[in-house]
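The values are calculated or read from the model by the stated rules, or taken from the named source; none is laboratory data. All values derive from a computational prediction rather than experimental measurement. When we count neighbours, we look across all protein chains shown, and the Cβ atoms used for this are built from the backbone with ideal geometry, even at glycine. When the accessible area is computed, the model is the full protein with side chains, heavy atoms only, and any ligands, DNA or RNA have been set aside. Shrake-Rupley method; radii C 1.70, N 1.55, O 1.52, S 1.80 Å.
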2 protein chains.
Amino acid sequence: MADRVLVIGADAAGMSAASQALRSAKAAGRSLEVIAVDRGHWTSYSACGIPYWIAGDVPSPGALVARSPDEHRANGIDVRLVTEAVALDTDAGWVEVVDHAAGRTERIGYDELVIATGAAPVRPDVPGAGAAGIHGVQTLDDGAAVLESLARPPERAVVVGAGYIGLEMAEAMVRRGLAVTVVDRGEEPMNTLDPDLGTQVHAAMERMGIDVVTSAAVTAFETGPGGAVTAIVTDAGTYPADIVVLGTGVRPATGLARAAGLPLGPSGGLRTDDTQRVADGVWSAGDCVETWDRVRRDWVHVPLGTHANKQGRVLGTNLGGGQARFPGIVGTALTKVCDLELARTGLTEGDAVAAGLDHVAVTIESTTRSGYFPGTRPITVKMVAERPTGRLLGAQIVGRDGSAKRIDVCAMALWTELTVGELAMTDLAYAPPFSSVWDPVQIAARKAADRL
Amino acid sequence: MADRVLVIGADAAGMSAASQALRSAKAAGRSLEVIAVDRGHWTSYSACGIPYWIAGDVPSPGALVARSPDEHRANGIDVRLVTEAVALDTDAGWVEVVDHAAGRTERIGYDELVIATGAAPVRPDVPGAGAAGIHGVQTLDDGAAVLESLARPPERAVVVGAGYIGLEMAEAMVRRGLAVTVVDRGEEPMNTLDPDLGTQVHAAMERMGIDVVTSAAVTAFETGPGGAVTAIVTDAGTYPADIVVLGTGVRPATGLARAAGLPLGPSGGLRTDDTQRVADGVWSAGDCVETWDRVRRDWVHVPLGTHANKQGRVLGTNLGGGQARFPGIVGTALTKVCDLELARTGLTEGDAVAAGLDHVAVTIESTTRSGYFPGTRPITVKMVAERPTGRLLGAQIVGRDGSAKRIDVCAMALWTELTVGELAMTDLAYAPPFSSVWDPVQIAARKAADRL
């Protein structure tokens, strides 16, 4: 009889795992029965695309779906939507699920369990935080709720948190015609960059017409007679709001796993080995796990689709009988705010200081193409290197068109533990329409090497 | 008394070396006298920018000059232009130079010699190859000669050779309104790519209105009564031409070095150690040297500005008393043809076959942004990996906006000898405006790993 695999969570990690498990098992001559349950209405979608759907760049949620439930079913996966896992017994090997459509509860037994329950937005622990009109942006269903609100239409939006989702949602709502305020606790927006680069993000937000409030902590949400949010109260002032979007980060959705006594790290994320195995017959991947950071040499919670997809694939390969390992991350991420691109990998200067690492930090200004080439744009690169070894610790890039993806070169250098001196001499592509003769990344590396 | 450094050739390699030697000597408390001679009229210019100057993207040759003769003089370098080195005695330590402006010949003694004589266009060894109207494109003076011809104006241009310079010059002349034919010996244009990707280049050239003639060898140039070229004769037909541009590659300009008995490789390029030292008191860098290829594990002649700048800097650091080494190259290059970007690094499939390496080659089609994101464009990635080790051997990219600079990730993987399996799992930046969730480079690496 075929082993039964039960997948909780039918987004990137879960469905990558399910699909790859079937491929891997087939290659190994094994037969698997795969059931995937999800409390939402969708499978395999790009959560990262939600702000662009809300902005109007993407016409419909369907466009964000890489593979629909029916496509998965055609591949032999028993997908059950609007079906929530509510209890887990890893000793007995079953999960209790509620089919909200049918109003039915049942226990599904499994031989192998895949926990891909993702993450949930953090709600500030202040009065009124549960009010109507306050939205997290984590699932397509969340996105639909925001769009439904925008149809009313509201006039004033407040975004709490100036990280990736906060910036993207702020821009989306500006483009929808709302007056947008972004409130953040940090000195500058985008605290995954050092504040000296955050100032450029701040300026770009203001150029777009966003009201940026920094160094402000939320203390309450005010609500109106109907119970909906009407204003956000911070220690820097009160801001009226018809709609509030939370960009305050997410936490691993690991309540079931915690109750079942599975191993969690300090972030609340599941701890796996590098095959994505949690325990005998239990696997996990995606936003609900902690991931090994090769630069920090520590476990971190970094909920990104790119890791979820890779981990899901590794998980499925191993579950199906093949061999793969997830080798960790170096902390690469990027986004754009209007015409400003921003990217980072590894440690910021702030991170290096906090970690007590002896280091140098340098910042250079250059251009995305040869200085004389039409369409050349400014780019700022900041680089942090360990002293005295010269090992690259991290890089940050802020600039216009053609800037941010250059972070990949730094990510590769971190991955392979190059020194900044070595990075400065690598063979990167040069032609006037694409780069200065020393790539901006190498100008920064060279300057860091000179300073060491 | 200060040691005297004599630099022959005042472009990228020579002047990088000269400037860095002064900085390095200053740091070491040494005093240097630096003389730089060049037979042309310019210093430190971007030869790679010449096609864009001719196309009209760049307004004047001055825009291509990174540092003018007077700027170098202000930094303490004795720059002597229109001054040609004609003889060299390394035992006695002098160079004989002709100052063509003053009509004077003199011998300049040196303590340290820097040979940065660059490369010269290869002229086909056929009748008429010396005719007026046939232009190489290697120096700003060459560029000025082409522009002077275009002012006449000619109507029909033939470009010989469909490599980087050939393609860029063909596009420049199309944009100048000429009817352009490109003649190449290869099966497809751009023979530093495999022919299966070369077909895309071929199609892009034809979309621009270029007449592309492949598998054709030049057998003669026909000339008119005034001695100027009128047609190009090939084994595939005869093509009328008012102007001919040679994109047939360049050879190291090492006549002086050869006569002086300095060590040359099979390409005619000088052999240096990794400090850019040729012999006692003799140094060299740039288009006149051979360079160590880390993938081929052999010496190659790759005349590119990016290597010239890096080698010049390494040379200057060592000459001045510091320590630096040039670690070699992996064969990275890129350009664009109209809206098609193309890039390569390492070995092509053809190279792997020629080298007798057991390998796999895969090609994937993907998009530059998330498939659903506005402005996403097609990209093709071809990857070659060694069997059975899985080590990446090379990559080629052809695609639209945002494609070609991704080659840098492959160059970094080659540099650090990653396997395609490792490359597929590295932490590259993802967000919908910048990439699919698996970067196209990683999709190719994954496919190659699966095939191994």
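So which strands (runs of 3 or more DSSP E) are wholly in the stretch A:298-360 and hold at least 3 residues that are within 18 Å of A:Met190 (Cβ to Cβ)? Explain how you work it out, then say what you get.
Numbers: elements: A:298-300, A:333-337, A:340-346.
Ranges flagged: A:333-337, A:340-346.
Name, by its number, the condition in (1) touching a residue at least 60 places away in the same chain (Cβ under 8 Å); (2) buried (at least 17 other Cβ atoms within 10 Å of the Cβ); (3) part of a loop (DSSP other than H, G, I, E, B) that does not hold for B:Val126.
Tallying (1) touching a residue at least 60 places away in the same chain (Cβ under 8 Å); (2) buried (at least 17 other Cβ atoms within 10 Å of the Cβ); (3) part of a loop (DSSP other than H, G, I, E, B), B:Val126 fails exactly one: (2).
One line per residue, one yes/no per condition, for (1) without any contact (Cβ under 8 Å) to a residue 12 or more places away in the chain; (2) over 24 Å from the mean Cα position of the chain (by Cα); (3) assigned by TED's automatic domain parsing to the domain that holds A:Pro154; (4) open to solvent by 50 Å² or more (accessible area, probe 1.4 Å):
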site: A:Phe221; (1), (2), (3), (4): no, yes, yes, no
site: A:Gly224; (1), (2), (3), (4): yes, yes, yes, no
site: A:Ile243; (1), (2), (3), (4): no, no, yes, no
site: A:Ala257; (1), (2), (3), (4): no, no, no, no
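For the structure I just gave you, tell me whether A:Val58 is of a type in the set (A, V, I, L, M, F, W, C) and either surrounded by fewer than 17 Cβ atoms within 10 Å (Cβ to Cβ) or closer than 28 Å to A:Asp3 by Cα (or both). Even if it seems obvious, please write down each step before you answer.
Details: of a type in the set (A, V, I, L, M, F, W, C): yes; either surrounded by fewer than 17 Cβ atoms within 10 Å (Cβ to Cβ) or closer than 28 Å to A:Asp3 by Cα (or both): no.
It is false that A:Val58 is of a type in the set (A, V, I, L, M, F, W, C) and either surrounded by fewer than 17 Cβ atoms within 10 Å (Cβ to Cβ) or closer than 28 Å to A:Asp3 by Cα (or both).
Among the residues of the stretch B:61-78, write down those that are over 23 Å from the mean Cα position of the chain (by Cα) and surrounded by fewer than 20 Cβ atoms within 10 Å (Cβ to Cβ).
B:Asp70, B:Glu71, B:Arg73, B:Ala74, B:Asn75, B:Gly76, B:Asp78
Does A:Leu262 satisfy being more than 19 Å from the chain's Cα centre (by Cα) and either at pLDDT 95 or above or assigned to a loop (DSSP other than H, G, I, E, B) (or both)?
On the way: more than 19 Å from the chain's Cα centre (by Cα): yes; either at pLDDT 95 or above or assigned to a loop (DSSP other than H, G, I, E, B) (or both): yes.
In short, yes.
Just to be sure I understand, how many residues within the stretch A:427-452 are within 11 Å of another protein chain (Cβ to nearest Cβ) and among the charged types (D, E, K, R)?
4
From the residues in the stretch A:361-376 that are out of contact with any helix residue (DSSP H, G or I) (no Cβ under 6 Å at 6 or more places or on another chain) and away from every other protein chain (no Cβ under 13 Å), which one is nearest to B:Ala66 (Cα to Cα)? Full working, then the answer.
Residues of the stretch A:361-376 out of contact with any helix residue (DSSP H, G or I) (no Cβ under 6 Å at 6 or more places or on another chain): A:363, A:365, A:367-371, A:373-376.
Those still in the list that are away from every other protein chain (no Cβ under 13 Å) too: A:363, A:365.
Working: A:Thr363: 21, A:Glu365: 16 Å.
Among them, the one singled out is A:Glu365.
Just give me the residues in the stretch A:393-425 being more than 10 Å from chain B (Cβ to nearest Cβ) and in a strand (DSSP E or B), in sequence order. Full working, then the answer.
Taking the stretch A:393-425 first, the residues more than 10 Å from chain B (Cβ to nearest Cβ) are A:393-396, A:398-400, A:403, A:419-420.
Once the filter is applied, which keeps residues that are more than 10 Å from chain B (Cβ to nearest Cβ) and in a strand (DSSP E or B), the stretch A:393-425 yields A:Leu393, A:Gly394, A:Ala395, A:Gln396, A:Val398, A:Gly399, A:Thr419.
Out of the stretch A:37-77, which residues are among the aliphatic types (A, V, I, L, M) and part of a loop (DSSP other than H, G, I, E, B)?
Of the residues in the stretch A:37-77, the ones among the aliphatic types (A, V, I, L, M) are A:37, A:47, A:50, A:54-55, A:58, A:63-66, A:74, A:77.
Correct list: A:Val58, A:Ala66.
Across the stretch A:276-292, what is the number of residues that are crowded, with 19+ Cβ neighbours inside 10 Å and either closer than 25 Å to A:Thr416 by Cβ or within 13 Å of another protein chain (Cβ to nearest Cβ) (or both)? Spell out how you get there, then give the answer.
Taking the stretch A:276-292 first, the residues crowded, with 19+ Cβ neighbours inside 10 Å are A:276, A:278, A:282-291.
If we keep only those that are either closer than 25 Å to A:Thr416 by Cβ or within 13 Å of another protein chain (Cβ to nearest Cβ) (or both) too, we end up with A:276, A:285-286, A:289-291.
Total satisfying the criteria: 6.
Kindly evaluate B:Gly312 against the criterion of being in contact with a Gly (Cβ under 8 Å, 6 or more places away or on another chain) and more than 8 Å from chain A (Cβ to nearest Cβ).
On the way: in contact with a Gly (Cβ under 8 Å, 6 or more places away or on another chain): yes; more than 8 Å from chain A (Cβ to nearest Cβ): yes.
When the stated conditions are applied, B:Gly312 passes them.
For the stretch B:325-339, which positions are open to solvent by less than 30 Å² (accessible area, probe 1.4 Å) and facing chain A (nearest Cβ under 10 Å)? Please lay out each step first, then the result.
Residues of the stretch B:325-339 open to solvent by less than 30 Å² (accessible area, probe 1.4 Å): B:326-335, B:337.
B:Phe326, B:Pro327, B:Gly328, B:Ile329, B:Val330, B:Gly331, B:Thr332, B:Ala333, B:Leu334, B:Thr335 - these are the residues of the stretch B:325-339 that are open to solvent by less than 30 Å² (accessible area, probe 1.4 Å) and facing chain A (nearest Cβ under 10 Å).
Condition check ((1) modelled with pLDDT under 95; (2) in contact with a strand residue (DSSP E or B) (Cβ under 6 Å, 6 or more places away or on another chain)) across all residues:
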position: A:Thr306; (1), (2): no, no
position: A:Arg325; (1), (2): no, no
position: A:Thr332; (1), (2): no, yes
position: A:Asp339; (1), (2): yes, no
position: A:Thr345; (1), (2): no, yes
position: A:His359; (1), (2): no, yes
position: A:Glu365; (1), (2): no, yes
position: A:Met383; (1), (2): no, yes
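Which of the residues spanning the stretch A:87-104 are under 15 Å from A:Thr254 (Cα atoms), assigned to a strand (DSSP E or B) and among the β-branched types (Val, Ile, Thr)?
Result: A:Val95, single match.
Going through the stretch A:29-39 one residue at a time, which ones are open to solvent by 10 Å² or more (accessible area, probe 1.4 Å) and either in contact (Cβ under 8 Å) with a residue 24 or more places away in the chain or within 14 Å of chain B (Cβ to nearest Cβ) (or both)? Step through it out loud before you land on a result.
Of the residues in the stretch A:29-39, the ones open to solvent by 10 Å² or more (accessible area, probe 1.4 Å) are A:29-33, A:38-39.
The answer is A:Arg30, A:Ser31, A:Leu32, A:Glu33, A:Asp38, A:Arg39.
Looking only at the stretch A:79-102, which residues are among the charged types (D, E, K, R) and open to solvent by 60 Å² or more (accessible area, probe 1.4 Å)?
First pass over the stretch A:79-102, keeping only residues among the charged types (D, E, K, R): A:80, A:84, A:89, A:91, A:96, A:99.
Once the filter is applied, which keeps residues that are among the charged types (D, E, K, R) and open to solvent by 60 Å² or more (accessible area, probe 1.4 Å), the stretch A:79-102 yields A:Arg80, A:Asp91.
Output yes when any residue across the stretch B:232-240 is on the phi > 0 side of the Ramachandran plot and either open to solvent by 30 Å² or more (accessible area, probe 1.4 Å) or touching a residue at least 40 places away in the same chain (Cβ under 8 Å) (or both), and no when none is.
Within the stretch B:232-240, the subset on the phi > 0 side of the Ramachandran plot is B:237.
Keeping just the survivors that are either open to solvent by 30 Å² or more (accessible area, probe 1.4 Å) or touching a residue at least 40 places away in the same chain (Cβ under 8 Å) (or both) gives none.
No, that holds for no residue.
Please specify each residue of the stretch A:294-316 satisfying the condition of being closer than 18 Å to B:Glu422 by Cβ and either open to solvent by 20 Å² or more (accessible area, probe 1.4 Å) or outside the structural domain of A:Ala25 (by TED's automatic domain parsing) (or both).
Scanning the stretch A:294-316 gives A:Arg294, A:Asn309, A:Arg313.
Quick check on the stretch B:41-51. Is at least one of its residues away from chain A (no Cβ under 12 Å) and surrounded by 17 or more Cβ atoms within 10 Å (Cβ to Cβ)?
From the stretch B:41-51, those away from chain A (no Cβ under 12 Å) are B:41-43; that's our starting set.
From the residues that got through so far, the ones that are surrounded by 17 or more Cβ atoms within 10 Å (Cβ to Cβ) too are B:42-43.
Looking through the stretch B:41-51, at least one residue is away from chain A (no Cβ under 12 Å) and surrounded by 17 or more Cβ atoms within 10 Å (Cβ to Cβ).
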